[in-house]
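One structure is given here, and the rest of the page talks about it.
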Amino acid sequence: MTWIFGVLATSLGIYLLWGLLAPRSQWRALAAWSVSNPHTNEPGGSAYGWRRLLSGLGVLGLAVVGVLAATPGLLAALPQEERVVSPVNAMWGTPDPQLVNRAVYGSSAPPAGLVEFPALGYQNLDELDELPQYLLELKEYALLGDTTPSGYIGSAPAVGFSGVGPADLVVNVRGPVLCIPREAVVIETDTAVQIAIYYGLPDPKPSADPDVPTPVPDHVKACRTDDSVTGSVLIPITLSAELGDRTVETLNGEAISQVELAD
């Protein structure tokens, strides 16, 4: 395919150079046939001047593209604008996660029919004197604008309170944007806290016809772990006791990375 682009670039370069050096000759060869009387309808000096100017700009642009293509390291050598990374991005990546503003205590056994998504990191809130301000400023989780989809994980806090208030830690999960976090499994021992987050579809609305059963959603089919479009969320987890020196792991015993609070 490279040779095709080379032929096109060469042809365009010849056309532009022709228009720059001999615009009158170019008009007579390419456009004079389209008018009934070429001598009467020939463009004036200003028209040829504009043709020469545009052709010159085209030649210049083509030359710049050619130089950049021939020296790929040239762009890398140019000064690059420094990208500012926010503290939230430094901790949890991009885009900013949404906050599950719910009180989540977790169950002791994996639920049937839902899909497990791994926790990618956690932050120990017990180590901090107060809730980090960034948590209170995060956008609240919503599914297509709905902040309380049916089947949503945890329970809503009282009016005027935050669901993160009683939490001992927050975990970061990336799940399909059309599914919701529905349940957390939290298994505590003296040495470890094992956590898993399960996604699924929202509960369907009951059928208006009593003779027609409410459909049962297929969470596994809809909430695929290899979905390319995912959303980042932070889920608060309340433990039976402070985390202390215990490790945070998946249900398989693999360590979940701790994320320190960024300045």
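The values are calculated or read from the model by the stated rules, or taken from the named source; none is laboratory data. All values derive from a computational prediction rather than experimental measurement. Here the Cβ is made from the backbone with ideal geometry for all residues, glycine too, and neighbour counts use every protein chain on show.
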Handout entry: Gly160 being more than 27 Å from the chain's Cα centre (by Cα) and of a type in the set (Gly, Ala, Ser)
Key = yes
Problem - Residue in region 138-156 that is nearest to Glu183 (Cα to Cα), counting only those that are within 23 Å of the chain's Cα centre (by Cα), in a loop (DSSP other than H, G, I, E, B) and without any contact (Cβ under 8 Å) to a residue 60 or more places away in the chain - result: Tyr152
Practice task
Name the one entry in Ala255, Ala156 that is of a type in the set (A, V, I, L, M, F, W, C) and not assigned by TED's automatic domain parsing to the domain that holds Asn124.
Solution key: Ala255
Completion exercise
Checked pairs for region 218-230, first touching a residue at least 12 places away in the same chain (Cβ under 8 Å) and more than 15 Å from Val173 (Cβ to Cβ), second among the β-branched types (Val, Ile, Thr) and outside any loop (DSSP other than H, G, I, E, B), C-beta under 6 Å and 6 or more apart or across chains, list as His219/Val115; Val220/Val115
Exercise for the section: Considering (1) under 19 Å from Cys223 (Cβ atoms); (2) of a type in the set (A, V, I, L, M, F, W, C); (3) at pLDDT 95 or above, say which one Leu99 fails and leave the rest. Expected result: (1)
Practice task
Only residues that are under 23 Å from the mean Cα position of the chain (by Cα) and not acidic (Asp, Glu): list them for region 122-137, please.
Solution key: Tyr122, Gln123, Tyr134, Leu135, Leu136
Handout entry: Filter result for the condition that a residue is of a type in the set (Val, Ile, Thr) and assigned to a loop (DSSP other than H, G, I, E, B), over Val170, Val193, Val159
Key = Val159
Fill in the blank from the handout: Given (1) assigned to a strand (DSSP E or B); (2) more than 22 Å from Val88 (Cα to Cα); (3) not charged (D, E, K, R), Asn252 misses just (1)
Practice task
Considering every residue within region 163-173, establish whether at least one is of a type in the set (Gly, Ala, Ser), surrounded by fewer than 17 Cβ atoms within 10 Å (Cβ to Cβ) and out of contact with any His (no Cβ under 8 Å at 6 or more places or on another chain).
Solution key: yes
Problem - Complete set of residues in region 187-199 that are surrounded by 20 or more Cβ atoms within 10 Å (Cβ to Cβ) and either touching a residue at least 60 places away in the same chain (Cβ under 8 Å) or touching a Pro at 6+ places or on another chain (Cβ under 6 Å) (or both) - result: Ile195, Ala196, Ile197, Tyr198, Tyr199
Handout entry: Within region 238-261, considering residues that are aliphatic (A, V, I, L, M) and loosely packed, with under 12 Cβ neighbours inside 10 Å, the one farthest from Asp168 (Cα to Cα)
Key = Ala255
Exercise for the section: Can you confirm whether region 225-237 contains a residue that is more than 26 Å from the chain's Cα centre (by Cα), in the same structural domain as Glu137 (by TED's automatic domain parsing) and either surrounded by fewer than 19 Cβ atoms within 10 Å (Cβ to Cβ) or within 16 Å of Glu140 (Cα to Cα) (or both)? Expected result: no
Handout entry: Within region 219-244, tally of residues that are of a type in the set (Lys, Arg) and assigned to a loop (DSSP other than H, G, I, E, B)
Key = 1
Exercise for the section: Taking Pro202 as meeting all but one of (1) assigned by TED's automatic domain parsing to the domain that holds Tyr152; (2) surrounded by fewer than 13 Cβ atoms within 10 Å (Cβ to Cβ); (3) of a type outside the set (Phe, Trp, Tyr); (4) part of a loop (DSSP other than H, G, I, E, B), write down the number of the exception. Expected result: (2)
